[in-house]
Amino acid sequence: MTLIPFDDRDGFIWMNGKMVPWRDAKVHVLTHGLHYGSCVFEGERVYGGKVFKLREHSERLLKSAELLGFTIPYSLAEIEKATLDIIAKQNITNGYIRPVAWRGSEMMAVSAQQTKIHVAIATWEWPSYFSKEARQRGLRLQLSKWVRPGPDMAPTASKAAGLYMICTLSKHAAEDAGFDDALMLDYRGFIAEATGANMFFVIDGALHTPTPDCFLDGITRRTVIELARKRGIEVIQRHIKPEELKQVSEIFLSGTAAEVTPISQIGDQSFNVGRMGLQLMEDYSARVLA
């Protein structure tokens, strides 16, 4: 597969209120967001030319910045318009959107209240995060050695760039070992999430999902819960211990990138790609196109 670098593509990126040629959308090496992690972002999907749940994503971007102590210099309406403008400019029908906001390079120290806040929105055509073959057979997960921090250790309710460092480390380790992704526990030892997606477990016909009190309550996660309840499926949000995996009949992930994707293995334990997960995968596919 030919790798196309993300800094060397045709088209435009919306950046600080302007349409900037893709290759010119750059930041300085001394940008605070690079050195100190003062950066937040979103991941959004375009289906049939429409952004799925644009309002929820845009609101979360603003909230994430607030949790990191800075204010994005654009209103909710301006962010949404810029998103739709760049989709039209790039002629995206089915793809991915990456809004990102970060502190600039005016100050280079931990304290950086006077830095300018920059915002960019990029979009590109993008297929499923996981391959079709992997989704059909179910993903294989390795247990990560890294754990999700507590809400008194990091701004865990934000979609902040720095919080994904341990996700990258976990996913690289899993792939190096022949797995597709990693299962992350939280700081208390409960099951948290995969490296970029929430998790659901079928136990005795009910759908169980970890309480998102130290990781994101995903927008896709909330959609799956809504779809499950419409089908009369009992949804239970609670803390789940790793040893409870012995009681699980099927598992699947949910996320903007992952969509709804079955899990067939965690460590040395195998699971069936089951009826409930496949049904909710179909329901989700129909929902995003509605």
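The values are calculated or read from the model by the stated rules, or taken from the named source; none is laboratory data. Predicted model only: the values in this text are computed from it and were never measured. Here the Cβ is made from the backbone with ideal geometry for all residues, glycine too, and neighbour counts use every protein chain on show. Please note that ligands, DNA and RNA were not included when accessible areas were found on the heavy atoms of the full protein model with its side chains. Shrake-Rupley method; radii C 1.70, N 1.55, O 1.52, S 1.80 Å.
Restricting to bridges with both residues inside the chain, how much of the DSSP beta-bridge set is antiparallel, in percent to the nearest 5? Antiparallel bridges make up about 80 percent of those DSSP assigns within the chain.
Averaging the sequence gap over all C-alpha pairs within less than 8 Å and six or more residues apart, then dividing by the number of residues, gives region 41-81 a relative contact order of 34 percent.
In the chain, the longest principal axis of the Cα atoms and the axis of helix 76-90 are about 90 degrees apart.
Each stretch of four or more DSSP H residues adds -39500 (n - 2.57); spread over every residue of the chain, this sum gives -8000 deg cm²/dmol at 222 nm. When +1 charges are put on Lys and Arg Cβ atoms and -1 charges on Asp and Glu Cβ atoms, the dipole computed for region 4-160 relative to its Cα centre reaches about 520 debye. Calculate how steeply helix 219-230 sits against the longest principal axis of the alpha-carbon atoms of the chain, using the helix alpha-carbon long axis, and give the answer as 0 to 90 degrees to the nearest 10. On a 0 to 90 degree scale, this one is about 40.
In region 123-208, what percent of the accessible surface is made up of carbon and sulfur (1.4 Å probe, ligands and nucleic acids excluded)? The computed percentage sits at 57.
Here the accessible area of region 1-117 is 55 percent carbon and sulfur, with a 1.4 angstrom probe and all protein chains present. Helix 275-288 against the longest principal axis of the chain: what's the angle in degrees, Cα atoms only, rounded to the nearest 10? Value to nearest ten degrees: 30.
Find the relative contact order for the chain and round it to a whole percent, using C-alpha pairs within less than 8 Å whose residues are 6+ positions apart.
On the way: 560 pairs, mean separation 48.8, N = 290.
It rounds to 17 percent for the chain.
A simple rule links phi to the HN-Hα coupling: the Karplus curve 6.51 cos²θ - 1.76 cosθ + 1.60 with θ = phi - 60°, which for region 242-254 gives x, 5, 6, 4, 5, 8, 7, 9, 7, 9, 8, 9, 9 Hz, with x for Gly and Pro.
Straight-line cross-link reach from residue 116 at under 17 Å between alpha-carbon atoms covers these lysines, not counting any fewer than eight positions away in the same chain: 18, 26.
Which one of 150, 76, 91 has its Cα pushed farthest toward the positive end of the charge dipole of region 1-151, where Lys and Arg give +1 and Asp and Glu give -1 at the Cβ? So the residue furthest toward the plus end is 150. Solvent-accessible surface of the chain, taken per residue with a 1.4 Å probe and all protein chains present: 49 Å². The relative contact order of region 143-290 comes to 21 percent, based on Cα pairs under 8 Å that sit 6 or more residues apart.
Total lysine pairs in region 142-290 at Cα distances under 23 Å, for residues eight or more apart or on different chains: 6. Other residues lying with their Cβ under 13 Å from the Cβ of residue 105 contribute a combined charge of +2, Lys and Arg counting +1, Asp and Glu -1. In loop segments of region 217-290 as defined by DSSP, the GluC sites (Glu not before Pro) with at most 14 further C-beta atoms inside 10 Å of their C-beta are 234. Filter the trypsin sites (Lys or Arg not before Pro) in region 228-290 down to the DSSP loop ones having no more than 12 other Cβ atoms within 10 Å, then list what survives. Here the trypsin sites (Lys or Arg not before Pro) that fit, given the DSSP loop and packing criteria, are 231.
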